[in-house]
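Comments concern the structure below.
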There are 2 protein chains.
Amino acid sequence: MRIAVDAMGGDNAPEVVVGGAVAAIKEYKVDVILVGDEARINLLLKEYRHKGNSISVCNAPEIIEMSESAATSVRRKRKSSIVLGLDLVKQGKADAFFSAGNTGAVVCAAALSLGLLPDIERPGIAILTPNLKKSTSLIIDVGANIDPKPKQLLQYGIMGDVYSRYIMNKANPTVGLLNIGEEEAKGTDFVRECHELLQKSRLNFIGNIEGKHIFSGECDVVICDGFVGNVVLKVSEGVSETFMVLLKRYLLNSMLGKIGLLFLIPSFRRLKKDIDYAEYGGAPLLGVNGIVIIGHGRSNLKAVKNAIRVAKEEVERKFNEKVLEAIKG
Amino acid sequence: MRIAVDAMGGDNAPEVVVGGAVAAIKEYKVDVILVGDEARINLLLKEYRHKGNSISVCNAPEIIEMSESAATSVRRKRKSSIVLGLDLVKQGKADAFFSAGNTGAVVCAAALSLGLLPDIERPGIAILTPNLKKSTSLIIDVGANIDPKPKQLLQYGIMGDVYSRYIMNKANPTVGLLNIGEEEAKGTDFVRECHELLQKSRLNFIGNIEGKHIFSGECDVVICDGFVGNVVLKVSEGVSETFMVLLKRYLLNSMLGKIGLLFLIPSFRRLKKDIDYAEYGGAPLLGVNGIVIIGHGRSNLKAVKNAIRVAKEEVERKFNEKVLEAIKG
């Protein structure tokens, strides 16, 4: 199996991406094609003392920067690592693609190059978040489709159900609709229409859930429009960071706190590991006709390695075939 | 000054509401009219050993429950504590109203009974949240208006500016629009239209902000539609609670953690105090022709007391007159 990896994507590229690829080929049985600046990648591969032929390089002379407009950059930069990496998947030279680069550009290029799965109207980005039930919740969509139709949210529900079953190994995943109250009549016309469609579907739909229930683990799959989902993602990042900063500030402000902190370091480390996005690797882009994983811009080496593992699992478990069956069913 | 208080509103009513009122009249120079079940209130006043005539009781035989539909309950329960409490404001018998009861019902009853300020199209609920700059950010709207027009968001910006100036004592408050990216072209058509209106306004508009920037304190006033704002509110509540639960779980799981916890208790207490909604009291309902403060359903005694203080400040500083000037200006 070959995973194409955008070596130039992310705040710490290409260093951590090349490092992540080197770690991944050792840990999982995959080959990696690093797409990007060939000279820089080869230099890094030497630094990481990579040997063997599990990693190959595909030169891409252009880079789509994080701040560039998605549609324009994808159209203009045909030789960027994102466009060329997806081409490899399209041509059957790679089984999946991972990028921690410009998310909008990856979504746009993937939809253009690979196309969507039959009957799927719009792609959606899904992210895994840990919850209090010592499990994970999948939130779809977190930003691919900010002005969706109700039918598209139903399709996110179906794809989320498939992801939970075949990738997360959950038997009968529950699906909840993010709303501002649990009662059926709550929310905008759009959300109420979604509720109706979901209730009629064959999904294990538990109804509306509120923002606070995402993390208590009320359901396995949370669906929402991409605007709201993106806000949820960033607010929860912001709150966790704020919490950590405040906690440190308060502890360091008192003598007792400073002493206590010493005892706490191991617990903090474990907590951090469990809520660390890097453990989950990347966010699958669902609905495109190919396996695509999107990484956080701040992805570190471990996140890249884990994203490659997630890509591999999706390929192995024939994720898109399962989606096709579910959509037709 | 007389503040009408819904004695029956909130999960811990009437006990904590009566207790909060007793505490408030001692600490601030206000009179309170407790609206609700007269017999129960009088019994509680005795328990709290209240003496003097700073607290009076207005009997309300009906209660609007937390789960009831807002519009229906307000229409049917004319003798509920919410409807009668707002009537007191309308008739000039009270200067402001506070309720920790059914938020939808308070918004609906306030709009019906008091009406809106001239030129204001829709009311908005504003909440204060602490930020990393050791200050607070005001988020409007968090649920009164879930499907607003761009002009209504501009009006939230104007009212938030006035609130920050005259209640939070900020000199030249910055206003940010909650979006999924900082670039001007980001977001839905609705958000882009809001951006345009805000940019043309006289507000100190800093442009789009993302969810994570609310808590870093990027701006003094964050505006968004009520659906998104409500999700933000509940997600941040959910994340903080999850964080606390996880932290405790990890600490109690290790011997070192348990020892460390002992040293940390004072710091935790201070942190909790600073991020505790109860310190901020209540959320002002902006745009109605009268001063109305909405409390969290879980309001405790301190939250009720602080909400009465907030109501008093809004009356004293002639908040609605300032809004009128700003809207006309």
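Please treat every number below as a calculation from the coordinates, not as lab data. It should be emphasised that the depicted structure is a prediction, and the values quoted were computed from it without experimental measurement. Backbone-built Cβ (ideal geometry, glycine too); neighbour counts: all protein chains shown.
The table below lists the values:
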| item | result |
| --- | --- |
| Semi-axes of the equivalent ellipsoid for chain A, Cα gyration tensor, largest first, Å | 31, 28, 17 |
| A:V292 long-range amide H proximity, modeled H, under 5 Å | A:F97, A:L285 |
| Size of electric dipole in chain B: Cβ of Lys, Arg +1 and of Asp, Glu -1, about Cα centre, debye, nearest 20 | 1040 debye |
| 26 Å Cα-Cα threshold exceeded, pairs from B:K51/B:K305; B:K200/B:K312; A:K77/A:K318; A:K134/B:K234 | B:K200/B:K312; A:K77/A:K318 |
| Segment B:L256-B:R298, length gained on full extension (0.36 nm per residue, minus Cα span) | 11.7 nm |
| Among A:L252, A:G157, A:G229 the positive-end extreme of the charge dipole of segment A:121-280 (Cβ point charges) | A:L252 |
| Segment B:142-200, relative contact order in percent, only Cα pairs under 8 angstrom and at least six apart counted | 38 percent |
| Semi-axis lengths, Å, the protein assembly as shown, gyration tensor of Cα atoms, sqrt of 5 times eigenvalues | 48, 27, 23 |
| Average projection area in nm² (convex hull over Cα atoms of segment B:80-200, one quarter of hull surface) | 9.1 nm² |
| R0 of 56 Å, Cβ-Cβ distance A:N42-B:A71: FRET efficiency to nearest 0.05 | 0.25 |
| Trypsin sites (Lys or Arg not before Pro) within segment B:97-162, DSSP loop, no more than 12 other Cβ atoms inside 10 Å | B:K133, B:K134 |
| Estimated 222 nm signal from helices in chain B, with DSSP H stretches of n ≥ 4 weighted -39500 (n - 2.57), rounded to 500 | -16000 deg cm²/dmol |
| Spatially proximal lysines relative to A:K258 (Cα-Cα < 16 Å; intrachain offsets below 8 disregarded) | A:K248, B:K258 |
| Using a Förster distance of 35 Å, the FRET efficiency for B:D11-A:S201 (Cβ separation, nearest 0.05) | 0.50 |
| Gyration tensor verdict on segment A:163-266 (Cα atoms; rounded if a/c is under 1.5, prolate if a/b is larger than b/c, oblate otherwise) | prolate |
| Length-normalised contact order for segment B:175-265 - Cα pairs under 8 Å, 6+ apart - percent | 28 percent |
| If the convex hull is drawn through the Cα atoms of segment A:1-96, its volume per residue in Å³ | 86 Å³ |
| Alpha carbon centroid spacing (whole Å) that separates segment B:144-164 from segment A:155-178 | 37 Å |
| DSSP-loop trypsin sites (Lys or Arg not before Pro) across segment B:21-90, with at most 14 other Cβ within 10 angstrom | B:K29, B:R49, B:K51, B:R78, B:K79 |
| Normalised contact order of segment B:121-281, rounded percent, pairs of Cα under 8 Å and 6 or more residues apart | 29 percent |
| Net charge, A:T174 excluded, C-beta distance under 10 Å - Lys, Arg +1, Asp, Glu -1 | -2 |
| Whole-Hz ³J(HN,Hα) from phi, Karplus 6.51 cos²θ - 1.76 cosθ + 1.60, for segment B:310-320, glycine and proline x | 4, 4, 4, 4, 4, 5, 4, 8, 6, 3, 5 |
| Burial ordering of B:I265, A:I327, A:I33, A:I125, fewest other beta-carbon atoms within 10 Å first | B:I265, A:I327, A:I33, A:I125 |
| B:T174 long-range amide H proximity, modeled H, under 5 Å | B:D220, B:V221 |
| Label-point separation in nm, B:K318 to B:K133, each point 7 Å along Cα→Cβ | 2.9 nm |
| Shortest-first nm distances, B:R298 label point to equivalent points in other copies (7 Å, Cα→Cβ) | 2.6 |
